Amino acid sequence: MTFLQFAYRNVFRNFRNYAAFFMASFFSVFVFFIYSMLMFHPEIESGFLGEVSIAGMVIAEIILVLFSWFFIFYSMRAFLEARSKEFAILLQLGMDRNQLGKLIIIETMTIGIFSCISGIVFGYAFSKFFFMIVREILNLTALPLYLSWEPFVLTLFVYLSAFIVISTISIMFTPDIKIRNLIRGPKFVDVVTNYSKRNAILGIVLILCGYSLALITTKSSIFTYTLLIPIFVTFGTYYFFTDTTLFIIDRLKNRKLFYWKRARMLAIAEQVHILRVNSRMFFIVTLVSTLAFLTVGVLSAMSSYTSQYDKLNPIGLIYKGVTDNPYETEHILSIIDELEDSGISYHMTRFTVVRQTSTYTSNPVEVFRETDINHLLFSYKYPLVSLTSGEAMFIPYSEDSIETLEETVVETVLKENDIHLTIDSVYPKVFFPSAIISSNAIIISDEDFTSLVNDFEMTPFVEPGYHLFTFDIPNWTETDQIGLGIQQMVARDYILNSDYTLPFYFENAGLNYSYILATYSLLTLIGILVVAVFLLASGSFVYFKIYANLDREKKQFDMLKKIGLSDKELKRLITRNLVIQFFLPWGLAFIHSAFAFYVVQTVLNDVMNLSIVKEVVFSFTLFGVIQVVYFYLIRWRYLSHVRG
């Protein structure tokens with residue numbers, strides 16, 4: 001038998017030991033390849049959605065590459081640690097260190113080549129189905145399966161180079177174990193809790209500081225705390241696993257009534273060993289799991305925004321321009337023609353909005369006529385407004401503003417025209433998108449509105465008013481092809497100029513919704529696959545550590561059974577040990593993510609009046625169920641190994 005045959009058979013005869021490593025590597029290659037297929041697709045159109053798809057793929061590719069290299073390196077270390085006895089026997093039988101390094105490289109490359117080929121083959125087979133989904137998301141006429149060398153070469157280069165470089169580096173960390181260590185048997189497990197009390201307290205303090213900053217974060221301070229919170233939480237998590245957990249267990253051991261009860265001493269002693277040996281692994285799993293949870297949280301926020309878009313944007317088409325806008329007549333007529341040619345029913349309302357100065361705040365206020373507002377409210381089938389001279393009503397800019405303005409009573413004067421007003425009510429429903437009007441807008445009676453003859457005092461530095469055209473369309477998702485020429489003018493001005501220069505603004509809710517829905521669907525597809533890689537890899541980290549210590553723990557449990565430990569107590573002891581390894585890092589990741597989602601919820605509520613609580617709770621519940629199922633699966637395999 002040649003050396004290559006020996007390495008080959010060593011891999012495939014013990015493939016069960018490599019299964020988790022192979023599956024995680026295979027799935028990573030699989031996801032990377034189908035992203036590459038889309039990234040290099042010749043039919044991806046230019047424009048917003050095409051750029052979003054390419055940008056999303058590139059970001060996902062970079063994340064996968066960085067994470068895959070780290071994962072492969074960590075996995076190699078775990079395998080080398082688990083096979084230390086095997087290496088010692090081979091060295092005792094005459095194999096030198098160079099041959100051992102060659103064996104490791106060949107075995108690693110065998111798994112790497114096999115996972116790359118399998119991932120690429122299954123990825124290419126799945127690409128047609130993936131393209132069908134992306135075609136529907138991006139509203140493309142065709143996205144056929146194609147054959148090109150770029151995705152194949154890129155995937156093979158990235159992952160084969162990873163296996164070559166990391167396996168070569170890992171040889172330097174091959175444990176130098178002698179055969180005499182095998183004769184001595186398993187090492188005695190030292191249960192003395194060596195830790196730094198200062199670091200233990202620092203870990204808790206840093207995590208609490210991060211949580212505290214999350215609780216006080218607002219829309220204005222989010223950019224200030226965005227960097228501080230992850231830094232505090234990351235360092236706090238590291239010290240939590242290396243020192244804080246040992247500090248807590250040491251305090252429990254001092255409570256004799258608790259520590260000496262039944263088999264609790266054995267469980268605590270073993271957990272001390274688990275925490276000391278696996279602290280870095282727990283830290284890595286916590287960060288990876290947190291990243292996975294946050295990815296799902298961002299997707300949940302987008303889902304919430306998509307589902308509530310119609311409430312945030314009740315008007316189908318909005319055209320807003322200055323009072324002397326030269327494009328106004330041409331644009332409004334073209335919009336009407338397109339709506340009628342498409343057979344879309346609509347209700348148009350024209351507003352003349354005047355700016356005045358309120359003596360109550362000395363700030364500008366946007367003034368709407370009662371008749372114009374009622375014209376729009378009639379199309380909504382909302383209650384109409386009825387005001388007398390001297391009365392005014394607030395226009396709400398968000399759901400939360402209704403509660404605030406209900407309790408507000410203002411006595412003011414429109415300074416330029418000396419019109420005295422009492423504002424003591426707010427319209428009970430939101431009927432304008434918050435981006436269209438200011439937060440200081442009111443409705444006055446027709447009689448008072450006709451008295452606004454003097455211009456705004458800040459003219460010409462600030463426009464004295466504007467014209468607003470609203471098109472109330474029952475099913476505004478049908479309007480994605482209306483006003484495209486006007487929309488392109490607005491988009492072009494935003495791109496080419498640092499300040500907006502056009503005398504008008506146009507917003508098409510149906511077109512915006514089609515972009516948002518397509519972007520969300522595409523990013524969801526990307527995110528789900530990336531999260532799946534993260535979760536599979538984080539579970540593999542735990543599996544590798546369990547596998548690496550399997551022989552020592554099997555002998556330990558055999559010894560405990562000989563001195564009288566029952567099978568029921570053995571199951572309970574093993575379950576306690578595995579619960580720590582599984583749910584301590586993932587539990588902390590859940591808590592980290594919960595505070596991160598609190599920040600996101602606070603900002604979204606301030607900016608767009610959105611709630612993502614329902615989506616986040618559903619995501620957490622789903623993740624919890626998956627982890628419990630995975631735990632019992634690993635527990636079943638672990639018990640079968642220990643008993644075997």
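FYI, it's all coordinate maths here, none of it is from the lab. Note that this is a predicted model, so its numbers are computed, not measured. Positions of Cβ are backbone-derived with ideal geometry, glycine not excepted, and every protein chain shown enters the neighbour counts.
Between residue 122 and residue 406, what FRET efficiency comes out of the Förster formula 1/(1 + (r/R0)^6) with R0 = 60 Å and r the beta carbon distance, rounded to 0.05?
It comes to 0.50.
Would you please calculate the Kirkwood hydrodynamic radius of region 394-536 over all C-alpha pairs and express it in Å, rounded to one decimal?
Its Kirkwood hydrodynamic radius stands at 19.4 Å.
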From the residues 485, 428, 454, which one has its Cα farthest along the dipole of region 427-496 in the positive direction, the dipole being from +1 and -1 charges on Cβ of Lys/Arg and Asp/Glu about the Cα centre? 485
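Which length gain, in nm to one decimal place, applies between residue 575 and residue 198 when the Cα-Cα distance is subtracted from 0.36 nm times their residue separation?
132.6 nm
Using the count of nearby Cβ atoms within 10 Å as a rough guide to exposure, how do 554, 381, 197 rank from fewest to most? It would help to have the intermediate numbers written out before the result.
Details: 554 16, 381 6, 197 12.
Fewest-to-most Cβ neighbours within 10 Å comes out as 381, 197, 554.
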Pick out, in residue order, every one of the GluC sites (Glu not before Pro) in region 451-509 that is DSSP loop and has at most 16 other C-beta atoms within 10 Å; say none if there are none. 457
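May I ask you to compute the full-extension gain from residue 226 to residue 481, defined as 0.36 nm times their residue separation minus their alpha-carbon distance, rounded to one decimal in nm? Don't skip to the end; give the middle numbers.
Numbers: separation 255, 0.36 × 255 = 91.80 nm, distance 3.87 nm.
That pair, residue 226 and residue 481, stretches by 87.9 nm at full extension.
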Förster radius 22 Å - calculated FRET efficiency between residue 96 and residue 6 (Cβ-Cβ, nearest 0.05): 0.90
Spacing of the two label points (7 Å from each Cα toward its C-beta) at residue 500 and residue 512, in nm: 1.0
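Excluding residue 407 itself, calculate the net charge of residues whose Cβ lies under 14 Å from the Cβ of residue 407, where each Lys or Arg counts +1 and each Asp or Glu counts -1. Walk me through the intermediate numbers first.
On the way: positive: none; negative: 400, 403, 406, 424.
Net charge around residue 407: -4.
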Give me the one-decimal nm value for the distance between modelled label points at residue 216 and residue 359, 7 Å along each residue's Cα-to-Cβ direction. 4.1
Simple spin-label estimate for residue 440 and residue 208 in nanometres, 7 Å along Cα-Cβ: 4.3
